[in-house]
Structure formats: structure tokens, C-alpha cells
1. What are the residues in the stretch 33-52 that are open to solvent by 30 Å² or more (accessible area, probe 1.4 Å) and either within 15 Å of the chain's Cα centre (by Cα) or not basic (Lys, Arg) (or both), if any?
2. Report yes if Asn57 is open to solvent by 20 Å² or more (accessible area, probe 1.4 Å), of a type outside the set (D, E, K, R) and over 21 Å from Gly10 (Cβ atoms), otherwise no.
3. Based on this model, can you work out whether Pro187 counts as surrounded by fewer than 14 Cβ atoms within 10 Å (Cβ to Cβ), farther than 30 Å from Asp239 by Cα and modelled with pLDDT under 90?
4. Of the residues Lys217, Lys238, Lys204, which single one is at pLDDT 85 or above, open to solvent by 40 Å² or more (accessible area, probe 1.4 Å) and under 19 Å from Gln122 (Cα atoms)?
5. I need every pair where a residue in the stretch 39-62 that is of a type in the set (Lys, Arg) has its Cβ under 9 Å from the Cβ of a residue that is part of a strand (DSSP E or B), sequence separation at least 6 or different chains.
6. Please go through the stretch 83-108 and pick out each residue that is farther than 19 Å from Leu132 by Cβ, at pLDDT 95 or above and not in a loop (DSSP other than H, G, I, E, B).
7. With respect to the numbered conditions (1) at pLDDT 90 or above; (2) on the phi > 0 side of the Ramachandran plot, which one is the sole condition not fulfilled by Arg52?
8. Give just the number: which of (1) at pLDDT below 85; (2) under 21 Å from the mean Cα position of the chain (by Cα); (3) surrounded by 15 or more Cβ atoms within 10 Å (Cβ to Cβ) does Asn176 not satisfy?
Amino acid sequence: DFLKQIQLEGIFYISSFIKSNKKFLRLFSQWQKKIKTKEFVDLGSGSGNLIRYIFENNNGNFSEIHFTVTDLEPRLELFKKLKNRFPENIDYIGDKVDIASSPKVFKNKGVTILTSFHELSQEKALKTIQNLIDYSAGFFIYEPLNKSWLQLIKIPGVFLAALLLPFRLKPWSWKNFIFSWIIPLIPFFHLHDSWVSFLRSYTKKDFKKWLEKLGNKNWDWVVDNLGSDITYVIAWRKDES
């Protein structure tokens, strides 16, 4: 369990090598202006590092927004750290929240699904999109994946990036160092997770097909890639824009 927690915290820093975090913040800002809501729910939050990144780099732009972080297997220790650091902006749900089966949690709120949508089966992915259209004020799906050949070539670099994590994560952790360098389990965890995520990821074509099937005239959306590494969906109700 503690190895999984170290890995979750490290994903954020590995993604920074492709400048994923800055790209995410730019897209979030564009989407948030379109839906004009201050209440958000993040589904599948993991360590919640991208939500933390919003408030660490907001330059005062997001000081009034509020996020509730959730997960199917909530990491309460990490969630409490987020809450303690940003008590006015972040809350969490300590119980299990299934991305595909929790419309009451996000009804009339903006929804983010950040780096976790690829974990859903086709059936659950469709159900999730349908729930988001029926209940949310808007949604933002962000995946640092797009099944490109260039990204396929880059994946082994994840192992090397993971080796640098003990020197970038603060506070310094002897457990992280031991299991990254002496017994290199964590870099292999990251490499395995990257391969599996790549193989399970959905493409721009997939998202467009689902939205065209399930969406309606009351919604607008943008589905696109950023370079060879990122696939995203931003969607909002027309009467909200």
C-alpha cells in the first residue's frame, strides 16, 4: 500500500516531463470560463496532485472555486493533506465513489476526470459519458495518452524519469529511495502502469463517437489532442456559456 501511495504521488512529477501540468492548467482555465460555475467534483482523484496544482498556480484566478476530490479507493491521508493545505477550496469524500455510478455526487457541478478515464471499460465509459451529460454542469476529461507511435517510443523514458523521483519529491523519503534505487520496484511499477494505460487508452475518435451518439443540442464540446501525448474533452451546456 505504501508503494502504491509513492507511485501515485510520483505520477504528477513524471507527467511534468511532457509539460502536461501546464497544458492541463491552460485547458482547465478555458473550460472553467465556459461553464461559469465555482463548484467542481473530481472523479478518480488518486493523489489529487493536479487539483493541488490548480491552486498552487492560480495567480488568484481560481481563489473562489471549490473542489471535492473522490476516488474508488480514496487515499484519505493524501486527501487530508490537500484539505489542510487549501481548507477553503478543497473537500473530500471518504467513501468509495465509482466514476460510472455516482451522478448524485456531481449533479449540477463541473466534473473533472484527470488521467483516470482510461481505467474504465467500454461499457462504463459510455455510462459515465451519459451520466455526465444528464447530470453535470460540464465536464473536462484529461488524459496524457493518445496512442500515437511517438508516445509509444517515449514510454521507456518513464522508467528513467521514475529514477529521479526520490530527488524531486518533498519531503525526502528513504522508502522512496530504497525502492527506486536499491530495489527498483517503483520505476517498474511506473513502467508497467504506463504500458497498461497506453493499451487501454481511448482516442479522440472514441470520444467524438460517444459524444455524437449521447450528446444533444443543449451541449457544446471540444475533443482534441495536444501534441503526441494528450487527449482531452471539454464540454459545457450551451445555456451556461
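The values are calculated or read from the model by the stated rules, or taken from the named source; none is laboratory data. Owing to the predicted nature of the structure, the values given are computational and were not obtained by experimental measurement. Virtual Cβ from ideal backbone geometry, glycine too; neighbours counted across all protein chains shown. Protein only, heavy atoms only, side chains kept; ligands, DNA and RNA dropped before computing areas. Shrake-Rupley method; radii C 1.70, N 1.55, O 1.52, S 1.80 Å.
1. At the first step, the residues of the stretch 33-52 found to be open to solvent by 30 Å² or more (accessible area, probe 1.4 Å) are 33-34, 36, 38-39, 52.
Hits for the stretch 33-52 are Glu39, Arg52.
2. On the way: open to solvent by 20 Å² or more (accessible area, probe 1.4 Å): yes; of a type outside the set (D, E, K, R): yes; over 21 Å from Gly10 (Cβ atoms): no.
The answer is no for Asn57.
3. Values: surrounded by fewer than 14 Cβ atoms within 10 Å (Cβ to Cβ): no; farther than 30 Å from Asp239 by Cα: yes; modelled with pLDDT under 90: yes.
Criteria not met by Pro187.
4. Numbers: Lys217 fails: under 19 Å from Gln122 (Cα atoms); Lys238 fails: under 19 Å from Gln122 (Cα atoms).
Within the list Lys217, Lys238, Lys204, the selection yields Lys204.
5. That search, which allows pairs on different chains as well, returns Arg52/Ile90.
6. Lys83, Asn84, Ile90, Asp91, Tyr92, listed by residue number.
7. (2)
8. Tallying (1) at pLDDT below 85; (2) under 21 Å from the mean Cα position of the chain (by Cα); (3) surrounded by 15 or more Cβ atoms within 10 Å (Cβ to Cβ), Asn176 fails exactly one: (2).
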